[in-house]
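Have a look at the structure below, then the notes.
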Amino acid sequence: MLKLIFDTVFVFPILNILALYHYLFTLIRLPGVLGLSVVALTVTIRLLLHPFFKQQMETAEKMQDIKPRVDALSKKYKGDTKKIQEEQMKIYQEVGINPASGCVFMIVQIPVFFALYQTLQTFLVADSAKVIAQMNKALYFPFLHINKIDVWFFGINLIKTPEQMKSIFAYLIPVVTALLQYFQTQSTMAMSPQPTAAPKELSKDGKKNESSTGDDFQKAMNTQMKYVLPLMIGWFSLRMPFGLALYWNIFSLFSIIQYELHKRQTKSLKLKTESLKLKAKS
């Protein structure tokens, strides 16, 4: 039952979008139809997820703005964790943010990623005739039906993993994937408030204060996100079909570009606001 719901909500729509691009690119006789379809699908999914990305960025900016106020609570209500949390929630409600909303963009990507993995696994198998017949049943319109799948994309077999290719170029794929994931994570963390470096204070019984422990935990999580996650993604891409690595790399690249464009727009807007304030004062 759960699989049917997952397929209906995620897998079948992604399969149909991929089939639509496959149909259009075949119609105009482009080379590497399946690979181009994966790239086009990646851009489409990125655009569909843009509202979640925008919400994450807006939440991160507001969190940066209120960080001094939130940090001041630890000093004002020193040792009273419950009171600190209550006052934090008041500040969050005042500026109209939900701290958990910043994670929505990452959470939404998870089922989409698994759905795409399942879709590509459907496309990229040895018994193509049987799979094509099964896949065509899930397509919404008859004109999307696929007769043949070309798994080659500019000399690269999309069905094979870098580990199976066993070439220098193939082993560069997980390296590039890990690097792009690193820069994407770094861009994401740059937009989020980081814990302030503060001296480790001890309570009367000689243990660290809860606030210090919380900061240490956040720093440890940030380190894992920044270094461990890219290494994990790179390791997984070594054993993933190249078609899936292609999706992940294009998605990361677009994410980095969007973060940079958003950062520049925010910086430009702040400069204009400061300039208007100075003119108003003069």
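Can you name the residue in region 236-282 that is among the basic types (K, R) and in a helix (DSSP H, G or I) and, of all such residues, is farthest from the chain's Cα centre (by Cα)? Break it down stepwise before answering.
Of region 236-282, the ones among the basic types (K, R) are 239, 263-264, 267, 270, 272, 277, 279, 281.
Now narrow it down to the ones that are in a helix (DSSP H, G or I): 263-264, 267, 270, 272, 277, 279, 281.
Working: K263: 17, R264: 20, K267: 23, K270: 26, K272: 30, K277: 36, K279: 40, K281: 43 Å.
Filtering region 236-282 for residues that are among the basic types (K, R) and in a helix (DSSP H, G or I), the one farthest from the chain's Cα centre (by Cα) comes out as K281.
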message: Going by what's in this entry, would F105 be described as crowded, with 16+ Cβ neighbours inside 10 Å, of a type outside the set (S, T, Y), farther than 20 Å from F242 by Cβ and modelled with pLDDT under 75?
response: yes
query: In this structure, is K82 over 30 Å from T26 (Cβ atoms) and either touching an Asp or Glu at 6+ places or on another chain (Cβ under 9 Å) or aromatic (F, W, Y) (or both)?
result: no
message: So, in region 74-92, how many residues would count as being more than 20 Å from T59 (Cα to Cα) and without any contact (Cβ under 8 Å) to a residue 60 or more places away in the chain?
response: 6
- prompt: Would a scan of region 72-82 turn up a residue that is surrounded by 13 or more Cβ atoms within 10 Å (Cβ to Cβ), at pLDDT below 85 and touching a His at 6+ places or on another chain (Cβ under 7 Å)?
  reply: no
field: Some residue of region 41-55 being surrounded by 13 or more Cβ atoms within 10 Å (Cβ to Cβ), over 30 Å from F153 (Cβ atoms), under 27 Å from the mean Cα position of the chain (by Cα) and not aliphatic (A, V, I, L, M)
entry: yes
task: Identify the residue in region 1-40 that is modelled with pLDDT under 90 and among the aromatic types (F, W, Y) and, among all such residues, is surrounded by the most Cβ atoms within 10 Å (Cβ to Cβ).
output: F10
- line: Listed by first then second residue, the pairs whose first member lies in region 93-122 and is among the aromatic types (F, W, Y), whose partner is at pLDDT 75 or above, with beta carbons under 6 Å and at least 6 positions apart or on separate chains, are F105/F52; F105/F53; F105/Q56; Y117/L244
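The values are calculated or read from the model by the stated rules, or taken from the named source; none is laboratory data. This is a predicted model, so every value here is computed, not measured. Quick reminder, even Gly has a Cβ in these numbers, built from the backbone with ideal geometry, and neighbours come from all protein chains shown.
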